[in-house]
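Okay, structure first, notes after.
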2 protein chains.
Amino acid sequence: MKQDLVLNFLREENEHFLSGEEISKKLKVSRAAVWKEMQVLRRLGYEIEAQPHLGYRLVKIPDKLYADEISYKLPTQIIGKRIYSYETLDSTNDAAWKLGEEGVPEGVCILAEHQKKGRGRLGRAWASPKGKNILLSILVRPVLAPTDIAKITLMSAVSVIKTVRQITGKTLGIKWPNDILYKNKKVCGILTEMSAEADRVKFVIIGIGININADVSTLPPGSIALKEITGREVSRVEFVRQLFVEFEKDYLLLKKGKFEALAKDWEEFSATSGRRVVAHLLGRQVQGEAVGIDPDGALWIRKDNGLQEKITAGDVEHLR
Amino acid sequence: MKQDLVLNFLREENEHFLSGEEISKKLKVSRAAVWKEMQVLRRLGYEIEAQPHLGYRLVKIPDKLYADEISYKLPTQIIGKRIYSYETLDSTNDAAWKLGEEGVPEGVCILAEHQKKGRGRLGRAWASPKGKNILLSILVRPVLAPTDIAKITLMSAVSVIKTVRQITGKTLGIKWPNDILYKNKKVCGILTEMSAEADRVKFVIIGIGININADVSTLPPGSIALKEITGREVSRVEFVRQLFVEFEKDYLLLKKGKFEALAKDWEEFSATSGRRVVAHLLGRQVQGEAVGIDPDGALWIRKDNGLQEKITAGDVEHLR
C-alpha cells in the first residue's frame, strides 16, 4: 500500500540514506512496517541498502517498465498522465482499444514487457523478446477526419526519432509510412488503429514497438536494437519518459493544425524521399522516385513517365 | 425447434391449405406436435387458419422484422446471409461492432424494433418509435483505405433511394453526406462507423434508420415517413429484403472499384449538387455553390470568390 510513498521518499534523498525512524514518522507506521515496505520494493526489483544508524538508501531501480517509475515527475500534461503497465498482454493496442471504447480520456498509455499476440501493420506479427524492448500504446482523441489519420502515424514516427536522438545522439530514418530504420534495419514499427465515424475520429491508438536492449539474435531478421547501435544498454524507463515528452509536443502541434512543421521534420528524417522506390499496392505496383509527402500524409511518387501518383496505402520498398 | 420448417411448408403452399397429416409425415412427428408448432407460430404473430379435413393455411405474416422472414429465399450472396433480429437493443451499430470485433464475415446484419441509445452522426441521437420503422446495421469488410470511407456512406444512400423507388415509386433526394430527404424532410439517416488501421479498413458498420410507418407526430421535428409520402403502409420486411438486394448490387460495384457508377447515381439523387449551401466545419463556415462530389466522396463547393473547396467532414445546410 505505502510502497509508492516510501519509494518517493527514497528517490528524493537522491541515493543518500534516509533513516527508518524518519520514514516511520512521515507515514505514521511502525519501523517494522517500514521494513516490510522495503521488502516489497526489493521484491519488485529495487536495490535498497540498509545500514544500522543510517537507514535506507535507494541504490538502483529495476529495469522494469513500472507505471510508477515512468510517471514519477513526468513533465507532460496529456500523454502518460495515466499509465497501465503489464508483464504480459495479448497486445497493448488491443488493451488500449478496450479502454478507448470505455471512454478513457486521451493520453492514456499501456505498456507491456511481453505480448502474446503482438501485431504489426496489415495483420502481420510484431515479435519482441520479453523485458528487453519497449511495447506501448498511446490513446488519443484528436478532432480529425479519418482521412487525416496518416498524419498521426507520421507524427509518431517523428516523435520516436527525436526521442532516439535525445537519448542516443543517433538520427534514424523513416521508411514511409511507419518503419524506423538504422542502416536499412528495423528499429521501430508503428501500428496506428482507429475507431471512427465516416467524418470524425473517435479515438486513435498508436502502437509503438521499439527494439532497445534485445540481442539481434533474438529479433526477427532485418532488425536491430538501440543497444547495438550505441554500444551500450539504454534505460527503457528514460526512453519512455522522453518519448512521452516528444510525443506530447508533436501532438499539440498536430492539434493546433500545424502539420507543416511535422511534415518538415518528417522530410528531414525520411529515408524514403528522393529514393527510387516500388510501392506494392493491392493488385499492382507503382515504381518511381519518392518525391515527398502530401499534407494528408500520403506519399507522392514520380513515375518514369513523369506523372506523379499519390500513395495512401501499401508497402514501399526502397530500390538500389 | 421445428416452427421454421413448418412455416416454410405453409409458405410454399401459397395461402392454400396443407393437411396436418402431410406436415406430420414430412417432419416425422405426431399431429399433436404439428398443432403445437402452429401455436408457437401464432404467438409470434403469424395468422394461421385451421380447417377440419383441409388442414392449415398461412393467412398473414406479422409486421415484425423476424430474421427468418427476411432471409426466406433472399436472393443475395453476401448481404443478409446472416441476420440477427432483436426486439430491443442499445444500438444496432454497437451490436454489429461487437460482432465485427469477433471476426464475423461481411454481410452480417443486425435489426431491432427499438433502440435505447440510437445514434446519429457526430454523437447525435436517432429517435424512432418502436416497431414502426427500420433500424438496421450492415457489416462489411471492404478492401479500402480509411480515406475511402465516405464512399461507403454515399453508396449506402444510393442503395436506400433505389430501394424506396422500387417499393414506392418515389425518388427521394440526398443531402450530403448522409441524409435522405423528401421535400426537405428527413426520411432516412446513415451512420457509417469503422475500425481501421492507418491504411486499411478492418470493418465498416453502416447503420441505417428509415422512417417507414411511423406517424409524423411520433418522429423528431423535420422528419417524415414513407407511409405519409405514399399514403399507405409499407411492408417493412419487403423493404429490408429489397434494400439488401440493392445494397449488395452497389457494394459489389464498389468492391470492383467502380465508384464512378455510384457517383453518377449519387449526383442524380443529390439534393445538394447545384444548391447554394453553407458547410459548417470545425470552427468555420464555407458558403457557396455545391458543384459535385469528389472520387473520394468529398463535396466540392465553389465559393463566391470563384475558388473551390473540398469538404470532407461537417454539416451542410441548403440555402434558399
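The values are calculated or read from the model by the stated rules, or taken from the named source; none is laboratory data. Bear in mind the structure is a predicted one, so any value in this text is a computation, not a measurement. Every residue, glycine as well, gets a Cβ built from its backbone with ideal geometry; the counts of neighbours run over all protein chains shown.
Considering region A:159-184, the residues that are of a type in the set (A, V, I, L, M, F, W, C) and more than 26 Å from B:Lys310 (Cβ to Cβ) include one that is farthest from the other protein chains (Cβ to nearest Cβ), namely A:Ile167.
Of the residues screened, A:Lys36 is not one that is at positive phi and free of Cβ contacts under 8 Å to residues at least 12 places away in the same chain.
Within region A:290-313, does at least one residue satisfy the condition of being crowded, with 16+ Cβ neighbours inside 10 Å, under 23 Å from the mean Cα position of the chain (by Cα) and hydroxyl-bearing (Ser, Thr, Tyr)? For region A:290-313, residues crowded, with 16+ Cβ neighbours inside 10 Å, under 23 Å from the mean Cα position of the chain (by Cα) and hydroxyl-bearing (Ser, Thr, Tyr): absent. Of all the numbered requirements in (1) touching a Pro at 6+ places or on another chain (Cβ under 9 Å); (2) crowded, with 17+ Cβ neighbours inside 10 Å, B:Glu260 misses one, and that requirement is (2).
Here the strands (runs of 3 or more DSSP E) wholly within region A:48-150 that include at least 2 residues being within 14 Å of another protein chain (Cβ to nearest Cβ) are A:134-140. Here is the figure for region A:44-81: residues that are assigned by TED's automatic domain parsing to the domain that holds A:Phe9 and either in contact with a Pro (Cβ under 7 Å, 6 or more places away or on another chain) or among the polar types (S, T, N, Q) (or both) total 4. Residue count for region B:203-212, restricted to those that are within 14 Å of chain A (Cβ to nearest Cβ), buried (at least 24 other Cβ atoms within 10 Å of the Cβ) and of a type in the set (A, V, I, L, M, F, W, C): 4.
Quick check on B:Leu136: is it at pLDDT below 95, crowded, with 21+ Cβ neighbours inside 10 Å and under 16 Å from the mean Cα position of the chain (by Cα)? No; evaluated as a whole, the condition is false for this residue.
For region B:283-305, the criterion of being without any contact (Cβ under 8 Å) to a residue 12 or more places away in the chain, within 13 Å of another protein chain (Cβ to nearest Cβ) and closer than 19 Å to B:Lys151 by Cβ is met by none of the residues.
Checked against (1) in contact with a strand residue (DSSP E or B) (Cβ under 6 Å, 6 or more places away or on another chain); (2) surrounded by fewer than 20 Cβ atoms within 10 Å (Cβ to Cβ), B:Pro75 passes all but condition (1).
Could you go through region A:258-275 and let me know if any residue there is more than 30 Å from A:Pro142 (Cα to Cα) and either without any contact (Cβ under 8 Å) to a residue 60 or more places away in the chain or not aliphatic (A, V, I, L, M) (or both). Yes - at least one qualifying residue is present in region A:258-275. Of the residues B:Lys202, B:Lys186, the single one that is part of a strand (DSSP E or B) and free of Cβ contacts under 8 Å to residues at least 40 places away in the same chain is B:Lys186.
Taken as a whole, region B:227-250 holds no residue that is within 14 Å of chain A (Cβ to nearest Cβ) and under 23 Å from B:Ala112 (Cβ atoms). Within region B:185-202, is there a residue that is among the aliphatic types (A, V, I, L, M) and more than 14 Å from chain A (Cβ to nearest Cβ)? Yes: region B:185-202 contains one or more residues that are among the aliphatic types (A, V, I, L, M) and more than 14 Å from chain A (Cβ to nearest Cβ).
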